[in-house]
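Asks: What follows is a structure written as structure tokens; I'll ask about it next.
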Amino acid sequence: NVEVESGLIHALCVQLGYVLNKQSGKHFSDIEGLCSILQLVYCCKDSVRESSFHDIGKELLPLLLRSLESCNHAAEENEWCDSLVLNISKILRAFSRAHSVSLIMVQSRDLLKSLLTLINGERSTQTKIEALSTMKNITFYAEEYRSMILDLSGFLDCLLHVCLYDSDGECRECASAMLRNIAFDNDAKIKMAQNGKLLNVVLKISSDPSSKTKRNAVSIIASLTMLNENNFSFVNHSEGAIVDMLSGLIRIDDDSAIRKRAARALRCLCDDETVEFLINRIGLMITLTNAAT
């Protein structure tokens, strides 16, 4: 806290800008060293970090993105790149914990594209987690921008790929949490419900080993069923696979939160157009009856 309040961030920002403006490409160690110090200094109180961003963030954020670009455009990987990228990712995640800062960060297309590059790239798992966590915070706080984020080129494909193929459970949990956050937005609901690939991925992660990821999957479906116009396509998707998934979770899942969310989603799916399908679905009425007793 003392270092931030004494003006150290300003001095580091000036020095980082100076190093980045050097024409030679041999200063990765200097950039990494400065970003490492910034990362340590920003391990301060949330309120102090938030205040610092509002004071100098407009100057610092572009410098951090330029530092990332210096690694992406390096002729070849060097020993400093991985550490540099990880430190910057940690700084961005720390900033995104503040509501007011996330509302500024979401308006930077360059930042959002850089985060997607980190998630899609071949960096360390920890770097990917930091980038995913930053995006998760932004999609949570920046409510009015959720539909815009969904439309960002490559965003949805990136998340679906992580959910399906990433071997790290925390990465899958973060990606599914972003989809859950975006599904709260009414405009996004319609787009997501019409995306068969997304629905298939949600079906897949509903059986993820992580209970958090499973909760997110059911929450996504529950959010999308809040719009009645989605119901008919939902119950008919993959010959009733969504209904069967929700019924199965109610019947056998050990997590009471997952069972409750699945039951709520089924209740929302029931309307004049879908009630006959639901009544005739094999085993569904027995499952609901058993759950109610």
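The values are calculated or read from the model by the stated rules, or taken from the named source; none is laboratory data. Everything numeric here is computed off the predicted structure, so don't read it as measured data. Positions of Cβ are generated from backbone atoms using ideal geometry, with glycine treated the same way; all protein chains shown enter the neighbour counts. The area values use the complete protein model at the heavy-atom level, side chains included, leaving out ligands, DNA and RNA. Shrake-Rupley method; radii C 1.70, N 1.55, O 1.52, S 1.80 Å.
Asks: Please report Rg over Rh for region 58-143, where both radii come from the alpha carbon positions and Rh follows the Kirkwood definition.
Replies: Rounded to two decimals, Rg/Rh equals 0.95.
Asks: When the accessible area of the chain is split by element with a 1.4 Å probe, what percent falls to carbon and sulfur?
Replies: 49
Asks: Let me ask something else. Accessible surface of Y42 in the full protein assembly, 1.4 angstrom probe, to the nearest 10 Å²?
Replies: Y42 exposes around 10 Å² with every protein chain in place.
Asks: May I ask you to work out the translational diffusion coefficient for region 47-196 at 25 °C, viscosity 0.890 mPa s, via Stokes-Einstein with Rh from the Kirkwood sum over Cα pairs, reported in whole µm²/s? All intermediate terms of the calculation are to be shown ahead of the outcome.
Replies: Numbers: Rh = 15.7 Å.
Estimated via Stokes-Einstein, D reaches 156 µm²/s.
Asks: Debye sum, Cα scatterers, region 219-264, no solvent: what log₁₀ I/I(0) at q = 0.16, 0.21, 0.26 1/Å?
Replies: Here the Debye-derived log intensity ratios amount to -0.41, -0.69, -0.95.
Asks: Express the Stokes-Einstein translational diffusion coefficient of region 207-292 in µm² s⁻¹, to the nearest whole number, given a Kirkwood radius over alpha-carbon pairs, 20 °C and a viscosity of 1.002 mPa s.
Replies: Here the translational diffusion coefficient equals 167 µm²/s.
Asks: Roughly what angle does helix 241-252 make with the longest principal axis of the chain, taking Cα atoms, 0 to 90 degrees, to the nearest 10?
Replies: 90
Asks: Sticking with this structure for a sec: If I take every Cα pair under 8 Å that is 6 or more residues apart in the chain, average their sequence separation and divide by the length, what percent do I get for the relative contact order?
Replies: Over the chain, the number comes to 11 percent.
Asks: Moving on. Once you treat every alpha carbon in region 172-219 as an equal point and sum by Debye, what is log10 I(q)/I(0) at q = 0.13, 0.17, 0.18, 0.29 Å⁻¹?
Replies: -0.25, -0.43, -0.48, -1.11
Asks: Would you compute, from DSSP H runs of 4+ residues alone, the mean residue ellipticity of the chain at 222 nm, taking -39500 (n - 2.57) per run and dividing by the full residue count, rounded to the nearest 500?
Replies: -23000 deg cm²/dmol
Asks: Which whole-number percent is the relative contact order of region 84-224 (Cα, under 8 Å, 6+ apart)?
Replies: It rounds to 21 percent for region 84-224.
Asks: Which length gain, in nm to one decimal place, applies between N236 and Y165 when the Cα-Cα distance is subtracted from 0.36 nm times their residue separation?
Replies: Using 0.36 nm per residue and subtracting the Cα-Cα distance, I get 23.0 nm.
Asks: How far, in nm, would the chain grow between A257 and D30 when pulled straight, counting 0.36 nm per residue and subtracting the alpha carbon separation?
Replies: 76.8 nm
Asks: If I take R0 = 22 Å and measure r between the Cβ atoms of I282 and N200 in this structure, what FRET efficiency does the formula 1/(1 + (r/R0)^6) give, to the nearest 0.05?
Replies: With a Förster radius of 22 Å, E is 0.55.
Asks: Here is a further query. Helix 125-141 against the longest principal axis of the chain: what's the angle in degrees, Cα atoms only, rounded to the nearest 10?
Replies: 70
Asks: By how many degrees, between 0 and 90 and to the nearest 10, does the Cα long axis of helix 211-224 differ from the longest principal axis of the chain?
Replies: 70
Asks: Please sort 212-225, 181-194, 100-113 by packing, taking for each peptide the average over its residues of neighbouring beta carbons within 10 angstrom, highest first. If you can, show how the numbers build up before the last one.
Replies: On the way: 212-225: 24.3, 181-194: 19.0, 100-113: 17.4.
Sorting 212-225, 181-194, 100-113 by mean packing, highest first, produces 212-225, 181-194, 100-113.
Asks: Here's another thing I want to ask about it. Note down, for the chain, the three equivalent ellipsoid semi-axes (square root of 5 times each alpha carbon gyration tensor eigenvalue), biggest first, whole angstrom. Walk me through the intermediate numbers first.
Replies: Numbers: eigenvalues 383, 62, 51 Å².
Equivalent-ellipsoid dimensions as semi-axes: 44, 18, 16 Å.
Asks: Evaluate the Debye formula for region 149-261 with equal point scatterers sitting on the alpha carbons, no solvent, and hand back log10 of I(q)/I(0) at q = 0.09 Å⁻¹, in q order, two decimals.
Replies: For region 149-261 at q = 0.09 Å⁻¹, log10 I(q)/I(0) is -0.20.
Asks: While we're here: Of the cross-linked pairs K58/K204; K113/K260; K45/K214; K22/K58; K136/K260; K58/K212, which ones have a Cα-Cα span greater than 30 Å in the structure shown?
Replies: K58/K204; K113/K260; K45/K214; K58/K212, as the Cα separations exceed 30 Å there.
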